[in-house]
Structure formats: C-alpha cells, structure tokens
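See below for the structure under consideration.
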Amino acid sequence: MNPQDALATALAVTDSDTGHRELLQSVVEAARGVFGARAASIIGLDPGTEELVFEAVSGEGEDFLVGNRFPAARGIAGWVLVSAEPVIVDDLAQNPVFDRDIAESTRYVPDALMAAPLLHGDRVLGVLEVLDRDVRRQSALRDLDWLGLFAAQAAAALATVQRARSARQVLHGEGSAELTEVVALVQAFTALPAERRDAGRRLLQALTEALAARP
C-alpha cells in the first residue's frame with residue numbers, strides 16, 4: 001500500500017462509519033421503494049477472501065442476510081462484478097448465469113432482478129441488486145438511470161465503510177508496519193485538545209494532498 005493510501009486509511013480511524021452504514025441502508029430502502037421491489041441489497045467485495053458479502057438489505061432477507069457470504073465468481077452478481085456493467089433480467093428461469101443455489105441460500109428465489117456495479121475510481125467495490133421490481137411500471141431505460149444513481153451513492157458510502165474497516169484492523173495489529181505507524185500518529189493528535197486536534201487534522205490533510213500531487 002502506498003503512503004497516500006496508508007494515510008487515507010489512517011484518517012478513517014478518526015471517523016465513525018455509523019453514518020455511512022445508515023446511508024447504505026437508506027439506499028437499499030429507497031431503491032426498493034422507488035422500484036416497488038420485493039428486496040434490494042448492497043453486496044460488497046471482500047478482496048481478501050474473493051467473496052461477496054451482504055452489507056445492507058431491505059425487504060426479503062433483511063433480518064438475517066447482512067454478513068452472509070458467497071463466492072464472488074458465481075451468479076449474476078459475480079458477472080456484474082467482473083464486467084462492471086449493469087444488467088436487467090426479467091426472466092431469471094431462462095438466464096444461464098443465474099445461480100439458483102445462491103438464491104435458495106437467501107431463502108428467496110426471485111423471478112427477475114436488476115444489478116449494477118458499485119464503482120469507485122477504477123475499482124468495483126461490489127454490486128447493488130434489486131429483486132422483482134413492480135412489473136406494472138417497468139421502463140428499462142429509466143430504471144437503469146435510477147439504478148445508476150443509487151449505485152453511485154452506495155459506492156461512495158461503501159468505500160468509506162471499507163476504509164474504516166481496514167483502519168480498525170490496523171488498530172488490532174492486523175495491518176502492515178507502515179499503516180500501524182501512520183495510525184499511531186493519528187491517535188496521538190486525536191488525544192490533543194480540540195483546537196490543536198483541528199490543526200493536526202489540517203496538517204494530515206495537507207500531507208495527503210501533497211502525496212496525491214507527487215509525479
């Protein structure tokens with residue numbers, strides 16, 4: 001990990017990801033409502049295990065699916081992850097990519113779905129899925145536009161959640177020596193009085209910008 005990324009991760013330690021997790025949930029709830037869908041979910045990629053993980057769910061499965069995992073190479077979610085392209089499938093029974101076993105593991109097998117990649121820079125962080133939208137108001141072009149808007153919001157929030165998660169791993173001694181040193185610096189200035197802490201944060205932000213500007 002380069003110094004710019006290390007510093008960005010360390011900065012995330014000082015901020016709670018609670019608000020961004022709430023944003024993830026609000027995105028799936030809004031998507032489900034707008035599309036009149038049976039369910040909507042944000043599924044993030046865990047690059048360490050090459051698995052997709054349910055990060056937020058609204059509707060079918062919302063009581064138990066968060067945290068569940070499945071292989072990133074399988075199903076339509078896996079296809080969207082690799083292709084980085086959105087897709088609308090109105091008849092899953094006829095789609096050869098659809099993985100019924102994964103669907104059954106969620107206790108809900110949909111007839112149709114929409115999915116969009118969660119793009120953050122040049123990375124795909126995961127997938128937004130909407131299951132069984134209201135067939136009475138289908139409009140593929142308009143639905144893809146809306147899906148893209150929801151996916152952009154989800155990607156921004158998920159990026160922060162994942163960065164904060166990495167920072168917490170460093171705090172528990174699971175990160176590299178480089179990250180540990182940077183986090184120690186951040187922890188030192190967060191212990192300062194508020195006025196000095198603000199100055200320290202500005203200094204670290206300036207350092208981040210300087211690293212980003214290096215050739």
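The values are calculated or read from the model by the stated rules, or taken from the named source; none is laboratory data. All values reported here derive from a predicted model rather than from experimental measurement. So basically every Cβ, Gly included, is an ideal-geometry build from the backbone, and we count neighbours across all protein chains shown.
The table that follows gives values for the structure above.
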item	result
Selected residue [at pLDDT below 95 and either among the hydrophobic types (A, V, I, L, M, F, W, C) or surrounded by fewer than 19 Cβ atoms within 10 Å (Cβ to Cβ) (or both)] from Leu144, Leu128, Leu52	Leu144
Positions within region 37-84 being within 11 Å of Pro117 (Cα to Cα) and assigned to a loop (DSSP other than H, G, I, E, B), in sequence order	Ala84
Residue in region 87-102 that is farthest from Arg136 (Cα to Cα), counting only those that are part of a helix (DSSP H, G or I) and touching a residue at least 12 places away in the same chain (Cβ under 8 Å)	Ile102
Single match in Ser83, Ser58 (criterion: under 18 Å from the mean Cα position of the chain (by Cα), surrounded by fewer than 13 Cβ atoms within 10 Å (Cβ to Cβ) and at pLDDT 95 or above)	Ser83
Filter pass, Ala39 being modelled with pLDDT of 85 or more, in contact with a Phe, Trp or Tyr (Cβ under 9 Å, 6 or more places away or on another chain) and under 19 Å from Asp99 (Cβ atoms)	yes
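Conditions (1) without any contact (Cβ under 8 Å) to a residue 24 or more places away in the chain; (2) of a type in the set (Lys, Arg); (3) within 27 Å of Gln162 (Cβ to Cβ), marked per residue:
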residue	(1), (2), (3)
Gly61	no, no, yes
Gly67	yes, no, yes
Ala72	no, no, yes
Glu85	no, no, yes
Leu128	no, no, yes
Leu131	no, no, yes
Asp134	no, no, no
Leu147	no, no, yes
